[in-house]
1. Determine which member of the set A:Pro449, A:Pro478 is in contact with a Leu (Cβ under 6 Å, 6 or more places away or on another chain) and either open to solvent by 40 Å² or more (accessible area, probe 1.4 Å) or part of a helix (DSSP H, G or I) (or both).
2. Looking at B:Arg190, B:Arg219, which is the one that is within 26 Å of B:Leu47 (Cα to Cα) and either out of contact with any strand residue (DSSP E or B) (no Cβ under 8 Å at 6 or more places or on another chain) or open to solvent by 30 Å² or more (accessible area, probe 1.4 Å) (or both)?
3. Keeping to the stretch A:286-334, report how many residues are closer than 22 Å to B:Gly55 by Cα and more than 15 Å from the chain's Cα centre (by Cα).
4. Quick one: how many residues across the stretch A:199-214 are open to solvent by 20 Å² or more (accessible area, probe 1.4 Å) and more than 9 Å from chain B (Cβ to nearest Cβ)?
5. Go over the candidates A:Gly381, A:Gly394, A:Gly406 one by one and state the one that is buried (at least 17 other Cβ atoms within 10 Å of the Cβ) and not in a helix (DSSP H, G or I).
6. Hey, could you check the stretch A:545-556 for residues that are over 16 Å from A:Arg221 (Cβ atoms) and more than 7 Å from chain B (Cβ to nearest Cβ) and say which is most open to solvent (accessible area, probe 1.4 Å)?
Amino acid sequence: MTEVQVSEEVAEYTEVHRHPEPKSFIWKYIFSVDHKVIGIQYLMLAVAAVFVGMFLSLLVRLRLVWPEESIPLLGQLFPIGAPDGVMTPEFYLAMLTMHGTIMVFMVLTTAPQGGFGNYFLPIQIGAADMAFPRLNMLSFWSTFVSFMLLLAAFFVEGGAPWSGWTGYPPLSAVPEATVQGFGQDLWVASIAVFCIASLLGALNFIVTTLDLRAKGLTMFRMPLTCWTWFVTAILGLLAFGVLLAAGVLLLMDRNVGTSFFVPGGLVISDKQIDHSGGSPILWQHLFWFFGHPEVYIAILPGMGVTSHILSTFARKTVFGYKAMVYAVLAIGFLGFVVWGHHMFVSGMSPYSAFVFSILTMCIGVPSAIKTFNWIGTMWGGKIRFTSPMLFSIGFVSLFVTGGISGIFLGQPTIDLFFHDTYFVVAHFHLIMGVAAIFGMFAGLIFWFPKMFGRMMDERLNKIHFWMTFVGVYAIFGPMHYLGMMPHPRRYAEITSVDYLEAMGAADLHLFITAAAILTILAQFLFLFNLIKSIFKGKECRDPNPWEATTLEWTISSPPPHDNFAGKVPHVYRGAYDFSLPGTKRDFAMQCNNDEAVFGSRPASSGD
Amino acid sequence: MPATLTATETEAQLEGGDGGFVTLPPTGDDGWDGSGPDAGLVQRYKLGVWIGMGGITMFFAALTSAMVVRQGLSGDWQPFSLPPVLYVSTLVLLVSSFAIERARREMRQARQDGLQRWVNVTSVLGLAFLACQVIGWQELVGRGIYLASNPANSFYYVLTAGHGAHLLGGIAALGYIWARTRSARAWPTREAAVEAAALYWHFLDVLWIYILGLLLFWR
């Protein structure tokens, strides 16, 4: 029966597409065109980046609590930024800038999409690889170059840039405005290279999803993970080109004297700056036209993984699968028309602000649909509280907490008060940073047996989950209160700000720093578990240890070079057929036809 | 690492009847059995170019909106007349689109020499276009219209250079096609590559017409 259904066309594409398995180390592990190796390369880059970013956040927290204390090692590493080990305010800003940039670009953008998406999109859609494997390699290595350029900024004269991850001009555009020189140029160059890498990656993801799906795998049978990778790629395709254009203009303002973003009549340190008529607001428009979709680039894959894992471990189909897909599409679309809400205080017509505000509120609708459906998915399910499940439930929790404060900030009148306060810091860390990272933890533990053929230590994972879950709320919960004081962000110290002292900001900062240190320690526990499990974890011979339904669980762990060992999968049903009545086991894999699922009794397949 | 399961073992583990798999015939080392061009591959490459056009369009859309905003912002915008050589370059680029179409036709009629010849003609016309653009820049410099002296100039240089960079990419692709068609090794993606390059080349043509219109009418 199946023989007939797979046409010659499908066989042909697999023929042409399959590339021989390389033998030498360099072509197998370094310049590999295998999407699985590239996925792991992206993940390794993200793990390296996240620890650098975390270390920077630790410095930021230490500076806030003990501004005068000396950290001798720091003095040796950064003799100018931290003379005698005491961080200067400029150094604090540089750490803040690099923390944001590294986390947003090198972690939140690379790991969910480049890492997990690369590894599992082709397998989940039944393909042998991405549509353009060599382009895929180019994407990764461009990203790597971008990361190196960014890190190099620490080590050039003047040090790392301190104009914030948003790189607002004139601070970022006028070298005279700061002591730094080349560091900011490296930052812009890094972002530009990253844009190109991400554009190439996005192209690859879109074509792969549209063109390489297995027979029978209609768009509405795709796992929600694939949907979110697909929509994320569309967002990346449309957003990164705009940031690239802005970056090119900024680089020109810095180096060849153009005046795109630098206003005329600017005087810095009694020196007239030789620019005329540029607009810093123009940068903000271009940046946030990218910046807001970027938030969804970071979080959408996490939503997909969460939906996938909640369904798998609740042993129930996703509640409202199509509504989930439409919600993802709606969030993706709305993400492009709300950039103005980042600029309410930059000077904007009240009418524009009103429109941006209404559109921002609209995002609450698909977000609420998703949340409702996640709860609906778990409702009445036979929930298995594995660690991926815990992280997915944690994702929902953080998404709700971070999302609610977004509704406050989306209103211009309230935002006038909260803008540039710790309230904003709390909001975006919870929703964009931590929620997305919970999605990554969930995905990593869930797919670990497939990637490495071993299980992670479940007990350590659970300890890590609870420490991190409590930790992040302890860090970012109090920041809402700091924001209400209102405590401005980006200040290196508050020792002489009377009202903040009177309201107990110092004590809260101490508490937050203590929570941050404990949470960081928990991440080392995870790193230990990760490395130990890769080499010494419990072997997992079962290709489907979680009793999941999608195609990656039909193949051996780790998967063979061409994923399906010279075979072409055929998909007969949707991705979440759990607990179907009349079946002998509580899940039906996507490649099982009705006969295999129900025995001889014919039944309609779930779509 | 644990041993890799064979496909049969995998299926047995799944107890899923036929498992929904079909075994493929084995392939040669390069994964290409030498049979005719693959329609699916052509479609995939062209889809890739279409998607890529979306990204490039956003890049130029961003520059366009920046230009419109920047011009309306302050009184320092000084329009200038475009160098006449731009009309020559436009003509050259339009002709090059016909050349790449000819290359496509030669390929479809399986004329290897014709394909190589017309791919090279297209590349030479592309280089001639770029030369005209450089002449245009030199003329502007001669008139004292420098990159940074006025925002109108800045956008002229950025837009033309941005388009030129993308065209260089197109020429590189054509050079690659020429090199691969000369080699004796089988090239399974030949048709797809030529089709994709032709599509991209036409896009560069349309993009240039757009930029020229913008520079002409949005001064």
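The values are calculated or read from the model by the stated rules, or taken from the named source; none is laboratory data. These numbers were taken from a predicted model, which means no experiment stands behind them. Every residue, glycine as well, gets a Cβ built from its backbone with ideal geometry; the counts of neighbours run over all protein chains shown. Ligands, DNA and RNA are excluded from the accessible area calculation, which covers all protein heavy atoms including side chains. Shrake-Rupley method; radii C 1.70, N 1.55, O 1.52, S 1.80 Å.
1. On the way: A:Pro449 fails: in contact with a Leu (Cβ under 6 Å, 6 or more places away or on another chain).
That would be A:Pro478, the only listed residue that is in contact with a Leu (Cβ under 6 Å, 6 or more places away or on another chain) and either open to solvent by 40 Å² or more (accessible area, probe 1.4 Å) or part of a helix (DSSP H, G or I) (or both).
2. Numbers: B:Arg219 fails: within 26 Å of B:Leu47 (Cα to Cα).
Testing whether each residue is within 26 Å of B:Leu47 (Cα to Cα) and either out of contact with any strand residue (DSSP E or B) (no Cβ under 8 Å at 6 or more places or on another chain) or open to solvent by 30 Å² or more (accessible area, probe 1.4 Å) (or both) leaves just B:Arg190.
3. Step one: list which residues in the stretch A:286-334 are closer than 22 Å to B:Gly55 by Cα, which gives A:286-301, A:328-334.
Going one step further and asking which of them are more than 15 Å from the chain's Cα centre (by Cα), we end up with A:286-289, A:328-331, A:333-334.
Qualifying residue count for the region: 10.
4. Residues of the stretch A:199-214 that are open to solvent by 20 Å² or more (accessible area, probe 1.4 Å), as a first pass: A:199-200, A:203, A:210-211, A:213.
Pick out the ones that are also more than 9 Å from chain B (Cβ to nearest Cβ) and you get A:213.
So the answer is 1.
5. On the way: A:Gly394 fails: not in a helix (DSSP H, G or I); A:Gly406 fails: not in a helix (DSSP H, G or I).
Criteria check complete, one pass: A:Gly381.
6. Residues of the stretch A:545-556 that are over 16 Å from A:Arg221 (Cβ atoms), as a first pass: A:545-547, A:555-556.
Subset that is more than 7 Å from chain B (Cβ to nearest Cβ): A:545-547.
Numbers: A:Pro545: 39, A:Trp546: 28, A:Glu547: 68 Å².
Restricting to residues being over 16 Å from A:Arg221 (Cβ atoms) and more than 7 Å from chain B (Cβ to nearest Cβ), the top hit is A:Glu547.
Yes/no matrix, rows are residues, columns are (1) open to solvent by less than 20 Å² (accessible area, probe 1.4 Å); (2) at pLDDT below 95; (3) over 15 Å from the mean Cα position of the chain (by Cα):
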site: B:Trp50; (1), (2), (3): no, no, no
site: B:Phe59; (1), (2), (3): no, no, no
site: B:Gln71; (1), (2), (3): no, yes, yes
site: B:Val85; (1), (2), (3): no, no, yes
site: B:Leu93; (1), (2), (3): yes, no, no
site: B:Ser97; (1), (2), (3): yes, no, no
site: B:Thr122; (1), (2), (3): yes, no, no
site: B:Gly136; (1), (2), (3): yes, no, yes
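Here is a yes/no grid of residues against (1) more than 24 Å from A:Val328 (Cβ to Cβ); (2) in contact (Cβ under 8 Å) with a residue 60 or more places away in the chain; (3) not aliphatic (A, V, I, L, M):
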position	(1), (2), (3)
A:Pro175	yes, yes, yes
A:Phe182	yes, no, yes
A:Val188	yes, yes, no
A:Ile191	yes, yes, no
A:Thr209	no, yes, yes
A:Gly216	no, yes, yes
